[in-house]
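**Student:** What follows is a structure written as structure tokens; I'll ask about it next.
The values are calculated or read from the model by the stated rules, or taken from the named source; none is laboratory data. As the structure is a prediction and not an experimental result, all values here were calculated from the model. Using ideal geometry, Cβ is built from the backbone for each residue, glycine included, and neighbour counts are taken over all protein chains shown. For the accessible areas, the whole protein counts, side chains as well, though only heavy atoms, and no ligand, DNA or RNA atoms are used. Shrake-Rupley method; radii C 1.70, N 1.55, O 1.52, S 1.80 Å.
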Amino acid sequence: LKSKEYSSVSSVLTIMDRREDQTALHEDDMDYVDEEDDIDELKQHWVNEVCSPELFVYQKLLVERLREKLEKQEDLIEEERQGDATAVWRAGLYELETDRVNYLLRGYHRVRLAKIEKYVMYILKSPSIRARLSEEEFQYAQGYCDILEDLFQSALLRHLPEPYRSLDKQGNVNMIPEPDLEKYVFCRVLKDVGEYEVGPDKYMPLEKGHIYLLPYNPIRRLLSEYEAELC
Amino acid sequence: PVSTFQRTKLLMAARGERVEFVAATLLQELERTSKSDGLPPFNEESFQQVIAEIDACYRCITKLLTERGHEAKTDGAVACGLTTHHEIAVRNKRVLLAYLRARAMRLQQVRWELGSVLPVDIRQNLAESELNYFVSYDKLLGRYMQQIGLDLTADLQQPPKDLFLEVRVLEDFGTIVTPTGEVHLEKDTIHFLRRADVEPLIRRGILEHITRS
């Protein structure tokens, strides 16, 4: 993910007031509203989404905060461009950082959209998963499901005999693709968890700072409580 | 364990019936053409053939049910016949759906990489319903990106590393307007331009990014 490169560029810049040594994402008494870590936090959410088979909750507040800051930065860039050569050069750096944060935002939304497209019927059928979508994503999911159904209906299903016209069930068989929750993922443990159940009757000690390769399902709870993150 | 479908093929072969399942060839055709070749033409003929197979199965089933349905529980042959035909129909349906969906996904990829306008060579290979799908997908994606205020199709490959890129013009493209003024993109000229301005053109093959090794 070239995170080292990214942090070296942004550590030069002062506008976001970043600390130069990037410490762990979640410390014990971290205040998540802390300004310096918004970018890191979004990055971690992005990584989580890329690595996991299922959708997480949409980080609405985080996204909004970042976009506000980006807007302020755009104003600053305009200002600096009117200044002397050094100011113009600085504006270039700020602009690069803006571009990179925008890339992060786009990446985040893109990976979520891809998952929505992949499992659209499964997502729409489950109220708890639906709740993890933003309002716009929900509309997108509905629209996407509609156009997919239109395609299948017009190209195929309409022309089939009656009993074969359904899209989600064929007899007793469920035809909707579902994410594989037992898929193996790499996860970094953020807190000492002790003995943890990683499979039916299988326990493992999970220690802070270590990275494990485990099936996704057992560690879901850890992820949602920020005691682990994917990598 | 042998799948029901394989069993079906074996049974039919044993009875001397010619076993020809068109459905698989549709998927093979898709597999053979990689994404960079665009989409092969929609194989209307094979597609209809598979639908006809499903129809035939259905007719066999209804015939069997009306004539000998009451024997289904006692006579193994009747039960077998019913199941076999049903399984063939279901599998054909699945294959056709997979064919449609695979093509739809490639169309989506085209929208992400090349934008709202379909290149002619792809457009002529689409069925009517696929064309409608592309238009609807374009609208759906456009609406979403507008709602969230982000162009998601920018920066598809990597995080931006430079603000400016050196590019060579591969085809005459006319004049573009950049924040730093107008630029004339004549074939074989080299320019040093802002990445955001040139990235879509690089993707479309009009510009070439020159990297220093």
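**Student:** Conditions: (1) open to solvent by less than 30 Å² (accessible area, probe 1.4 Å); (2) modelled with pLDDT of 90 or more. A:Phe56 meets all but one. Number of the miss?
**Tutor:** Exception for A:Phe56: condition (1).
**Student:** Then there is this: For segment B:173-196, indicate whether the set of residues that are within 30 Å of A:Glu136 (Cα to Cα) and surrounded by 16 or more Cβ atoms within 10 Å (Cβ to Cβ) is non-empty.
**Tutor:** Yes, segment B:173-196 has at least one match.
Condition check ((1) within 14 Å of chain B (Cβ to nearest Cβ); (2) in contact with a Pro (Cβ under 8 Å, 6 or more places away or on another chain); (3) farther than 17 Å from A:Tyr58 by Cβ; (4) modelled with pLDDT of 90 or more) across all residues:
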| position | (1), (2), (3), (4) |
| --- | --- |
| A:Glu135 | yes, no, no, yes |
| A:Ile147 | yes, no, yes, yes |
| A:Glu162 | yes, no, yes, no |
| A:Arg165 | yes, no, yes, no |
| A:Asp168 | yes, no, yes, no |
| A:Glu182 | no, yes, yes, no |
| A:Lys202 | no, no, yes, no |
| A:Pro205 | no, no, yes, no |
| A:Glu227 | no, no, yes, no |
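**Student:** Okay, next question. Does B:Ser129 satisfy being over 13 Å from the mean Cα position of the chain (by Cα) and under 30 Å from A:Glu135 (Cβ atoms)?
**Tutor:** Taking the combined requirement at face value, the residue does not satisfy it.
**Student:** Here's another thing I want to ask about it. Please enumerate the residues belonging to segment B:133-167 that are open to solvent by 20 Å² or more (accessible area, probe 1.4 Å), within 7 Å of chain A (Cβ to nearest Cβ) and either of a type in the set (Ser, Thr, Tyr) or part of a helix (DSSP H, G or I) (or both).
**Tutor:** Hits for segment B:133-167 are B:Ser136, B:Gln147.
**Student:** Kindly indicate which of B:Val22, B:Val78 is aliphatic (A, V, I, L, M), touching a residue at least 24 places away in the same chain (Cβ under 8 Å) and on the phi < 0 side of the Ramachandran plot.
**Tutor:** B:Val22
Table: residues versus (1) within 29 Å of B:Phe47 (Cβ to Cβ); (2) in a helix (DSSP H, G or I); (3) of a type in the set (A, V, I, L, M, F, W, C); (4) within 18 Å of the chain's Cα centre (by Cα).
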| site | (1), (2), (3), (4) |
| --- | --- |
| A:Thr98 | no, yes, no, no |
| A:Arg110 | no, yes, no, yes |
| A:Glu178 | yes, no, no, no |
| A:Glu182 | no, no, no, no |
| A:Arg188 | no, no, no, yes |
| A:Asp192 | no, no, no, no |
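**Student:** Sticking with this structure for a sec: All but one of (1) among the aliphatic types (A, V, I, L, M); (2) assigned to a strand (DSSP E or B); (3) free of Cβ contacts under 8 Å to residues at least 24 places away in the same chain; (4) under 28 Å from A:Glu117 (Cα atoms) hold for A:Val198, so report the exception by its number.
**Tutor:** (4)
**Student:** Picking from A:Leu66, A:Leu70, A:Leu105, A:Leu93, which residue would you name as being aliphatic (A, V, I, L, M), out of contact with any helix residue (DSSP H, G or I) (no Cβ under 7 Å at 6 or more places or on another chain) and within 14 Å of another protein chain (Cβ to nearest Cβ)?
**Tutor:** Answer to the check: A:Leu93.
**Student:** Mind listing whichever residues of segment A:62-80 are of a type outside the set (Asp, Glu) and open to solvent by 90 Å² or more (accessible area, probe 1.4 Å)?
**Tutor:** A:Lys72, the sole residue that qualifies.
Here's the yes/no breakdown for (1) under 30 Å from A:Val111 (Cβ atoms); (2) within 30 Å of the chain's Cα centre (by Cα); (3) loosely packed, with under 14 Cβ neighbours inside 10 Å:
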{"position": "B:Thr74", "(1), (2), (3)": "no, no, yes"}
{"position": "B:Ala79", "(1), (2), (3)": "no, no, no"}
{"position": "B:Ala89", "(1), (2), (3)": "no, yes, no"}
{"position": "B:Asn92", "(1), (2), (3)": "no, yes, no"}
{"position": "B:Tyr99", "(1), (2), (3)": "yes, yes, no"}
{"position": "B:Ala104", "(1), (2), (3)": "yes, yes, no"}
{"position": "B:Gln108", "(1), (2), (3)": "yes, yes, no"}
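**Student:** Since A:Ile129 meets every condition but one in (1) touching a residue at least 40 places away in the same chain (Cβ under 8 Å); (2) within 11 Å of chain B (Cβ to nearest Cβ), which condition does it not meet?
**Tutor:** A:Ile129 satisfies all of (1) touching a residue at least 40 places away in the same chain (Cβ under 8 Å); (2) within 11 Å of chain B (Cβ to nearest Cβ) except (2).
**Student:** Same structure, new question: Please give the number of the condition A:Asp201 fails out of (1) farther than 21 Å from A:His45 by Cβ; (2) of a type in the set (Asp, Glu); (3) open to solvent by less than 40 Å² (accessible area, probe 1.4 Å).
**Tutor:** That leaves (3) as the condition not met.
**Student:** On the basis of being in contact with a Leu (Cβ under 7 Å, 6 or more places away or on another chain) and closer than 30 Å to B:Leu140 by Cα, does A:Leu124 make the cut?
**Tutor:** No: the conditions fail for A:Leu124.
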